[in-house]
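The values are calculated or read from the model by the stated rules, or taken from the named source; none is laboratory data. Everything numeric in this text was worked out from a predicted model, so none of it was measured. Cβ placement follows ideal geometry from the backbone for every residue including glycine, while neighbour counts extend to all protein chains displayed. Heads up: the accessible areas ignore ligands, DNA and RNA and are worked out on the full protein's heavy atoms, side chains in. Shrake-Rupley method; radii C 1.70, N 1.55, O 1.52, S 1.80 Å.
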Amino acid sequence: MSEQAPAAGPATAEKKNGGDETHRRSFGQTLRESILEGNSVTVTVLAIFTAIVIGGLLNAFTNTKVLHAWGNFFSAPGAAIAAAWDTAVGAYVALFEGSIFNPHTVSQLFQQASFATAVHDGYLSAVFNPLSETCVAATPLLLAGLAVALPYQAGLFNIGAQSQFIGGAILATYLGYGISLPPVVHVIVCVIGGFAGGAVLGWIVGELKARTGAHEVIVTIMLNYIMAYLLAYLLGKVMQRPGRTDLISPFIASNAHLPLLFGSHLRINAGFLLALACAFGVWWLLYRTTTGFEFRSIGKNPSAARVAGMNVERSWVLVMLIAGGLSGVAASTVIQGTDFSLNFQSYGTYGIDAITVALLGMGRPLGVVLASLLFGAFRAGAPLMQAQTTTPVDIVDVLTALIVLFVAAPPLIRAIYRLRAARAAGVGQTLSKGWQA
């Protein structure tokens, strides 16, 4: 005789409903646990917030008017607190208006007689100018940041973005003024030349490491010096602009300029789209190709990757070649998009900033995009911040340094905000006990 299955009773139904409720709560619980435990995204957001708060305090309490007001704190405490608040917040408001959105330009736009007049006279462009400047400043940071982030995935530390940038800038500039080509072709040739100029430097680093075991940090440091001196020689002997005694190249041909995206009133150009395309390409390479899988595997454990049959040395050469090319493209966006000539200010601090962007972006393409936009906004908004509030632009460098400091020290952030990971590791209790621990 076969046994019949027991009928579903109230207990079974209650268990089922409880299971459904547990499933419904799972997302909320997961989100709460990820925040409280301080995952990488949470730590990064809190690091930026903490840096902004500390930067505001530094800005306020290095201001002479604020210090004078706080000298009379006991007689007028409200005035002292208001002065510090206005100084700190006012600087960030000006930074936001200079990099994202300025309501004054919007009001001026609606005061025009017609939309056509507003467009013709540049009032519409003025509304989008802060975002345009942010994208322009972020473009080379994004490409140079990718040049550091990609080798990082393969276990290499590329601090030679400066030399690779210079290599790309030299070739892109020479092709820009030294040859005559049709407009579209000329732009493409210069960009390819920039990639090739940086890729050669990256290939040298990878080849030396693969063949001799030379450490990439030492090699890239030396190449930074070599390329800086080579640039000085070329600008003084070979590429110097006629009629000039300073170290500056001729202007590249107008045919070689990267096309503007939204007219002559905004500086944003095709270089920004190129940078986004490169970021997508790096993501696709890392996470959708066998080569990218090999890069990441080698970055985790080169010995295990070699045992698994992967050609570690070939991957080192390839990843450094691509990274150098990305830094060279960063140079071409500067030369072809904004500067149109080459001098010693063209490469600026992009080599160091690339490390900062890659670190804040956690070595991932999307993170590098977001980090470059953040630092691009800082750079774009700094001039207006200084003009409106007399806050020195150096506060932007302070903000950048603080953000990197806190991102590089996750246990500190977890301890400050008492996240679970910090308490589990004992960091929170140690710091909370103070000097008497």
query = touching a residue at least 24 places away in the same chain (Cβ under 8 Å) and farther than 30 Å from TYR174 by Cα, is that true of GLY309?
reply = no
remark   = Listed by first then second residue, the pairs whose first member lies in region 238-253 and is closer than 20 Å to TYR347 by Cα and in contact (Cβ under 8 Å) with a residue 60 or more places away in the chain, whose partner is basic (Lys, Arg) and open to solvent by less than 70 Å² (accessible area, probe 1.4 Å), with beta carbons under 8 Å and at least 6 positions apart or on separate chains, are ILE248/ARG241; SER249/ARG241; PRO250/ARG241; PHE251/ARG241
inquiry  = With the requirement that a residue be among the polar types (S, T, N, Q) and farther than 18 Å from ALA144 by Cα, what does region 247-288 give you?
reply    = SER249, SER254, ASN255, SER264
query = If you go through region 119-129 one residue at a time, do you hit one that is part of a helix (DSSP H, G or I), open to solvent by less than 10 Å² (accessible area, probe 1.4 Å) and not hydroxyl-bearing (Ser, Thr, Tyr)?
reply = no
message = Condition first: free of Cβ contacts under 8 Å to residues at least 60 places away in the same chain and part of a helix (DSSP H, G or I). Now tell me which residues in region 42-69 satisfy that.
response = VAL45, PHE49, VAL53, GLY56, LEU57, ALA60, THR64, LYS65, VAL66, LEU67, HIS68, ALA69
inquiry  = Every residue in region 71-117 that is hydroxyl-bearing (Ser, Thr, Tyr) and under 24 Å from GLY381 (Cα atoms), please.
reply    = THR87, TYR92, SER99, THR105, SER107
request  = Go through the residues of region 264-279 one by one and say whether even a single one is at pLDDT 95 or above and open to solvent by 70 Å² or more (accessible area, probe 1.4 Å).
outcome  = yes
note = Taking region 280-305 and keeping only residues that are surrounded by 13 or more Cβ atoms within 10 Å (Cβ to Cβ) and among the small types (Gly, Ala, Ser), one is left with GLY281, GLY292, SER297, GLY299, ALA305
ask   = When you scan region 388-407, how many residues do you find that are small (Gly, Ala, Ser) and in contact (Cβ under 8 Å) with a residue 12 or more places away in the chain?
value = 0
request  = Could you tell me which numbered condition HIS104 fails, if it satisfies all but one of (1) under 17 Å from VAL398 (Cβ atoms); (2) open to solvent by 70 Å² or more (accessible area, probe 1.4 Å); (3) of a type outside the set (Lys, Arg); (4) in contact with an Asp or Glu (Cβ under 8 Å, 6 or more places away or on another chain)?
outcome  = (1)
ask   = Cβ-Cβ below 9 Å, separation at least six or inter-chain, first residue in region 87-105 and free of Cβ contacts under 8 Å to residues at least 24 places away in the same chain, second acidic (Asp, Glu): which pairs?
value = PRO103/GLU97; HIS104/GLU97
message = Please go through region 173-212 and give me each residue that is within 15 Å of MET320 (Cα to Cα), in contact (Cβ under 8 Å) with a residue 40 or more places away in the chain and open to solvent by 50 Å² or more (accessible area, probe 1.4 Å), ordered by number.
response = PHE195, VAL200, TRP203, ARG211
message = Taking the condition of being under 15 Å from ASN158 (Cα atoms) and not aliphatic (A, V, I, L, M), how many residues in region 188-212 meet it?
response = 6
remark   = Just one listed residue, out of ASN102, ASN129, is within 30 Å of GLY363 (Cα to Cα) and over 19 Å from the mean Cα position of the chain (by Cα), and it is ASN129
